[in-house]
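Student: This structure is in structure tokens; I'll ask about it shortly.
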Amino acid sequence: MIEQAIADAPAFSARRVVVRASSLLLAFERIALIGLMYLLTALILVNVVTRYSHFPIYWIDESAVYCVVWLTFIGASAMTRLRLDFAVSMMTERLSTQNQKIAKVIATGMVVVFGVALIATCFLWMDPIGLARAGFDARKLAAETFNFLYTERTQTLNWPTWVVYLTLPIFAVSMTVHGLANLLEDLELIPRTPPKGFQLSELDGVN
């Protein structure tokens, strides 16, 4: 019995680490979403006022676009943990309770697979190993691999584009962590706990 408890301890710790990481990510995403919403509102208001005053600020439009992009990906990640992503239930609602659980596990597992695949794609795209081999010289990397990610800059803000595109790998990692936490709950390996900081009704849950 003691040996069984020792064998189960690492698995239990790993599960707790995943759920804890998901909870911390969700709390950070909540703060980020609130901040980005305020920032987007401020940018739009400033844009309206300056245009009406005939003194438009040329970089605000691009700032608002990137703000929406980050807001979308961070929100999509949070929706994954909150189980507010879209689901088609025309078939599953006709299945038995046991088969519905199996279908939910399969669907959640596909989310995790997609997240891992997206992480691998972002790794190949951003090519941190190639950048390190090039001595962190963006032009040398572009000449050798035709990857111009680190040499391009945004049009009006003049920011490095890779900074803006960081939302993709961040989204991939956070979605994978949330998907793993959901999968552990669907497999009933851990109890399902309501998220903190989000007021959800029973009708809000889609899957």
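Please treat every number below as a calculation from the coordinates, not as lab data. Keep in mind it's a predicted model, so treat the numbers as computed, not measured. Backbone-built Cβ (ideal geometry, glycine too); neighbour counts: all protein chains shown.
Student: Would you mind giving the three semi-axes, in whole Å and largest first, of the ellipsoid equivalent to the chain according to its Cα gyration tensor?
Tutor: Working: eigenvalues 285, 131, 50 Å².
Its equivalent ellipsoid spans semi-axes of 38, 26, 16 Å.
Student: Right, another one. Return Met37, Met90 ranked ascending by Cβ neighbour count within 10 Å, so the fewest neighbours appear first.
Tutor: Numbers: Met37 13, Met90 6.
Fewest to most other Cβ atoms nearby, the residues stand as Met90, Met37.
Student: Taking amide H atoms as placed 1.01 Å from N in the peptide plane, list the residues 5 or more away in sequence, or in a different chain, whose amide H sits under 5 Å from that of Arg153.
Tutor: Thr161
Student: Here's something else I'd like to know. Between exposed chymotrypsin sites (Phe, Trp or Tyr not before Pro) in the chain, where DSSP calls loop and at most 11 other Cβ atoms lie within 10 Å, what's the longest gap?
Tutor: Numbers: sites that count: Tyr58, Phe86, Phe136, Phe146.
By the stated rule (loop sites, at most 11 other Cβ atoms within 10 Å), 147-207.
Student: Place a +1 charge on the Cβ of each Lys and Arg in the chain and a -1 charge on the Cβ of each Asp and Glu, then give the dipole magnitude about the Cα centre in debye, rounded to the nearest 20.
Tutor: Values: 16 positive and 16 negative charges, 35 e Å.
That gives a dipole near 160 debye.
Student: Through the Karplus equation 6.51 cos²θ - 1.76 cosθ + 1.60, θ set to phi - 60°, convert the phi angles of segment 179-188 into ³J(HN,Hα) values in whole Hz; use x for Gly and Pro.
Tutor: Going residue by residue, I get x, 5, 5, 5, 5, 4, 5, 5, 7, 6 Hz, with x marking Gly and Pro.
Student: Using Cβ contacts closer than 10 Å as the measure, can you line up Thr176, Thr151, Thr41 from fewest to most? Write out the running numbers ahead of the final one.
Tutor: On the way: Thr176 23, Thr151 15, Thr41 12.
The order, fewest Cβ neighbours first, is Thr41, Thr151, Thr176.
Student: Specify which residue in the list Val88, Ile170, Phe114 is farthest towards the positive end of the charge dipole of segment 64-207, using unit charges on the beta carbon of Lys, Arg (+1) and Asp, Glu (-1), about the Cα centre.
Tutor: Towards the positive end, the residue furthest out is Ile170.
Student: May I ask which residue of Ala76, Leu124, Thr97 lies farthest towards the positive end of the charge dipole of segment 12-186, with charges of +1 (Lys, Arg) and -1 (Asp, Glu) on Cβ and the Cα centre as origin?
Tutor: Projecting each Cα onto the dipole axis, the largest value belongs to Thr97.
Student: Relative to the longest principal axis of the C-alpha atoms of the chain, give the angle of the C-alpha long axis of helix 97-126, reported between 0 and 90° and rounded to the nearest 10°.
Tutor: Its long axis makes an angle of about 30 degrees.
Student: Just need the relative contact order of segment 73-207 here, percent rounded to a whole number, with Cα pairs under 8 Å and 6+ apart.
Tutor: 42
Student: How much mean residue ellipticity at 222 nm does the chain get from its helices, if each DSSP H run of length 4 or more adds -39500 (n - 2.57) and you divide by all residues, to the nearest 500 deg cm²/dmol?
Tutor: Details: 7 runs with 143 residues, N = 207.
Roughly -24000 deg cm²/dmol at 222 nm, from the helical runs in the chain.
Student: Using the Karplus equation 6.51 cos²θ - 1.76 cosθ + 1.60 (θ = phi - 60°), what ³J(HN,Hα) coupling, rounded to whole Hz, does each residue of segment 141-154 give in order, writing x for Gly and Pro?
Tutor: 5, 5, 5, 7, 10, 6, 9, 9, 4, 8, 9, 7, 9, 5
Student: Can I ask one more? Name the residue farthest towards the positive end of the dipole of segment 12-186 from the options Thr161, Ser22, Ile44, assuming +1 on Cβ of Lys and Arg, -1 on Cβ of Asp and Glu, about the Cα centre.
Tutor: Value: Ser22.
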